[in-house]
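To keep things clear, I will list the structure first and then write my remarks on it.
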Amino acid sequence: MDAIRMAWSLPDPPEGVADPLPERVYNEFFDLTGTPFSITPDPEFLFFSETHRSVMEKIRYGIQSRMGFLLLTGEVGTGKTTLCRALLDQLRDKARTVYVINPSLNGQELLACILEDLGVVCAPDASKKELIDSLNHFVLTQRGAGAVVIIIDDAQSMPLETLEDLRLLSNLETDKTKLVQMLLVGQPELVDQLNRAELRQLKQRVAVHCLLDFLNLDETAGYIARRLAVAGNKGQVRFDTKAVRRIHKYSGGVPRMINKICDLSLTAAFAADSRTVAAQHVTAAFDELVETTSRVSGARRWFPGWRLTRRRLALTIAGLVCMAGLLGYGIYADWARDGSPARMATADGPAPSLHAWSRPRL
């Protein structure tokens, strides 16, 4: 871990010189042309796992079929934003798109934001009805030029009133098709919101619901190889099998966590002058990641060489409870065998009856 910290200690750029591009200290050592495990949502690095490929196909089918409302949910760090940006790249010449990354707006502000992105000029004091009418007029004039696709990221942070206002956009339709294709992207809490009674009308209009899942072990290996290849790896750096297994275990198959662990693992391998990332480099990286996120437990401070994971904590507590139970049972058994008044024997004769041990009356 000290080696990782030393590798991070780079000199500041000279005064008056702009900051360089965000590269890592190991890029030159491994002869990489880019940073392979940045956590920024770069579509170039998108790895199509089975779940990512399935989600992309469903969303594209929903848009091409003019289904109206689509829903994409997934846990934090599973790659929702990267997938959205890849979708925007695919739709660049085929549709008019709007990408909303800050949906914490009321309904009127959101409509104004959508119209601004579409290039529609509206009066600053326009009412909600006027904004919807302007959007309706725009999509009608664009019918021959492709779909109008609105993607709202982090939709779980939208106020309930704004979510309900989105239902009004589903009324923009002809007799045969929906004029606006709306993709709501968010964490699982978004589903909880749509399950509320006051949003049941909006929920009924969701035509497709896609769930972005975690990566399995084989997909984790493919994910790492894909990102290294995009960054210019041609065999000069590799993660061995044990390292990949450990990365998958520590990350739980969450792409963002894989990026963080791999980034620090490459730093650890660089500090050790090794072109192969081994299990010990991954362990050192995870130790650094845990400490920098302030998740150092009391037991870890007392026993620095022992990693207290949730599983080990649960097993430890269960073991202590079992030991306490066995100890209590042993004490009780000894007392019942040797200390019970009914079984105690004296040197002069048999054990006295229970009445003999009763308290005398005064």
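The values are calculated or read from the model by the stated rules, or taken from the named source; none is laboratory data. This structure is a prediction, so every number in the text was calculated from the model and none was measured. Note: ideal-geometry Cβ built from the backbone for every residue, glycine included; neighbour counts use all protein chains shown.
Assorted remarks:
- Taking each residue of the range 223-252 that is among the acidic types (Asp, Glu) and looking for partners that are surrounded by fewer than 22 Cβ atoms within 10 Å (Cβ to Cβ) and assigned to a helix (DSSP H, G or I) with beta-carbon atoms closer than 9 Å, six or more apart or interchain, yields ASP240/ALA279.
- Residues satisfying the stated conditions in the range 26-66, i.e. small (Gly, Ala, Ser) and assigned to a helix (DSSP H, G or I): SER54, GLY62
- Hits in the range 239-275 - residues which are of a type in the set (S, T, N, Q), surrounded by fewer than 21 Cβ atoms within 10 Å (Cβ to Cβ) and either assigned to a helix (DSSP H, G or I) or in contact with a Gly (Cβ under 8 Å, 6 or more places away or on another chain) (or both): THR241
- Taking first residues from the range 158-178 that are touching a residue at least 24 places away in the same chain (Cβ under 8 Å) and partners that are small (Gly, Ala, Ser) and outside any helix (DSSP H, G or I), the Cβ contacts under 6 Å between residues at least 6 apart in sequence or on separate chains come to SER170/GLY68; LYS178/GLY68.
- Selection status of ASP192, acidic (Asp, Glu), part of a loop (DSSP other than H, G, I, E, B) and out of contact with any strand residue (DSSP E or B) (no Cβ under 6 Å at 6 or more places or on another chain): no
- LEU183 vs. criteria in a helix (DSSP H, G or I) and of a type outside the set (Lys, Arg): no
- Across the range 59-96, the qualifying residues are those that are modelled with pLDDT under 90 and basic (Lys, Arg), and the one among them that is farthest from PRO41 (Cα to Cα) is ARG66.
- Among residues of the range 137-159, those that are in contact with a strand residue (DSSP E or B) (Cβ under 9 Å, 6 or more places away or on another chain) and either of a type in the set (S, T, N, Q) or outside the structural domain of ILE59 (by TED's automatic domain parsing) (or both), counted: 3
- Residue satisfying all of: in the range 189-199; out of contact with any helix residue (DSSP H, G or I) (no Cβ under 8 Å at 6 or more places or on another chain) and of a type outside the set (Gly, Ala, Ser); surrounded by the fewest Cβ atoms within 10 Å (Cβ to Cβ) among these: ASP192
- Check on THR51, among the hydroxyl-bearing types (Ser, Thr, Tyr) and surrounded by 18 or more Cβ atoms within 10 Å (Cβ to Cβ): yes
- Applying the condition of being not in a strand (DSSP E or B) and not hydrophobic (A, V, I, L, M, F, W, C) to the range 205-219 and asking which residue is farthest from VAL244 (Cα to Cα) yields ARG205.
- The one condition in (1) in a helix (DSSP H, G or I); (2) under 20 Å from GLU75 (Cα atoms) that GLY222 fails to fulfil: (2)
- Within the range 225-238, considering residues that are assigned to a helix (DSSP H, G or I) and not aliphatic (A, V, I, L, M), the one nearest to ASN27 (Cα to Cα): ARG227
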